Amino acid sequence: MYQFFVEEQQVQGNRIVITGADVNHIVNVLRMKPGEKVRVSDSEERAYFCHVDKLSQDEVWLTIDERDELGTEFAHKVYLFQGLPKGDKMELIIQKAVELGVYEIIPVAMKNCVVKLDEKKAANKVKRWQAIAESAAKQSKRTVIPEVKMPVNWKEAVRQAKNLDITLVPYEN
């Protein structure tokens, strides 16, 4: 069963309308037909089990069969502060972290990081990382798409971590 995300206003009574890039994916890539089942999550962390009602090139209408108010999220929110690795390793880290249930990912530019991002590069990377997080959330049937924040420095990461209930720092020594 395929997973899609919508905003709360797209849920209209007993129906859901999907617009944007997901329409092309449903109509042209998946070639779904009326009656096929899908799972949809809204921005309020609710999940809906639906079937396709009508398809067009601009929108897809779904009828809600069942509502899942509990969703699939952990009761506790896990924040991952991740040092910037070399190459494309961050993409794999984001994908696996989202699949494991992380709520938010905060990249950290540390003193010894090889990767140095200026504001423009960082914005482009975050946009790419957010798309990976969305894809992983769909794949793992998450109710929310975890947010990937802009990279912060070590001091800012420590300041943000102080506001959390429990802080775990894996360190090899």
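Considering only VAL115, TRP129, VAL152, and ranking their Cα positions along the charge dipole of the stretch 27-173 that arises from unit charges at the beta-carbon of Lys, Arg, Asp and Glu, the one farthest toward the positive end is VAL115. Taking every protein chain into account, the accessible area of the stretch 65-173 amounts to 70 square angstrom per residue (probe 1.4 Å). Estimated from the Cβ-Cβ distance and a Förster radius of 25 angstrom, the FRET efficiency linking ASN14 and HIS76 is about 0.15.
What would the Debye equation give as log₁₀ I(q)/I(0) for the stretch 1-96 at q = 0.14, 0.19, 0.22, 0.24 Å⁻¹, counting only Cα atoms as equal point scatterers? Result of the Debye calculation: -0.62, -0.89, -1.04, -1.15. One entry in (i) 63, 37, 33; (ii) 74, 41, 30; (iii) 56, 32, 25 is Cα extents along the principal axes in Å calculated from the shown coordinates; its label is (iii). Longest stretch of the chain clear of exposed loop sites (trypsin sites (Lys or Arg not before Pro), DSSP loop, at most 11 other Cβ atoms within 10 Å, sites excluded): 32-85.
Multiply the residue separation of VAL152 and ARG46 by 0.36 nm, subtract the distance between their alpha-carbon atoms, and state the gained length in nm to one decimal.
35.1 nm
Surface composition of the stretch 107-172: carbon plus sulfur atoms contribute 54% of the solvent-accessible area (1.4 Å probe, protein chains only, all chains present). Entry note, the chain: the mean residue ellipticity at 222 nm calculated from DSSP H runs of n ≥ 4, each adding -39500 (n - 2.57), is -8000 deg cm²/dmol after division by the residues and rounding to the nearest 500. In the complete set of protein chains, residue-level accessible area for PHE81 is approximately 60 Å², probe 1.4 angstrom.
With an 8 Å Cα cut-off and a minimum separation of 6 or more residues, compute the relative contact order for the stretch 70-123 in percent. Walk me through the numbers on the way to the answer.
Details: 48 pairs, mean separation 24.2, N = 54.
Computed over the stretch 70-123, the figure is 45 percent.
Given a 1.4 Å probe and the protein chains as shown, VAL11 ends up with an accessible area of around 30 Å².
Would you please give the FRET efficiency between LYS89 and ASN24, computed as 1/(1 + (r/R0)^6) with r the Cβ-Cβ distance and R0 = 30 Å, to the nearest 0.05?
The formula returns an efficiency of 0.50 here.
The values are calculated or read from the model by the stated rules, or taken from the named source; none is laboratory data. Values in this document were obtained by computation on a predicted structure and should not be read as measured data. Neighbour counts are summed over all protein chains in view; Cβ atoms, including those assigned to glycine, are modelled from backbone coordinates with ideal geometry. Accessible surface is based on the protein model in full, side chains and every heavy atom, while ligands, DNA and RNA are left aside. Shrake-Rupley method; radii C 1.70, N 1.55, O 1.52, S 1.80 Å.
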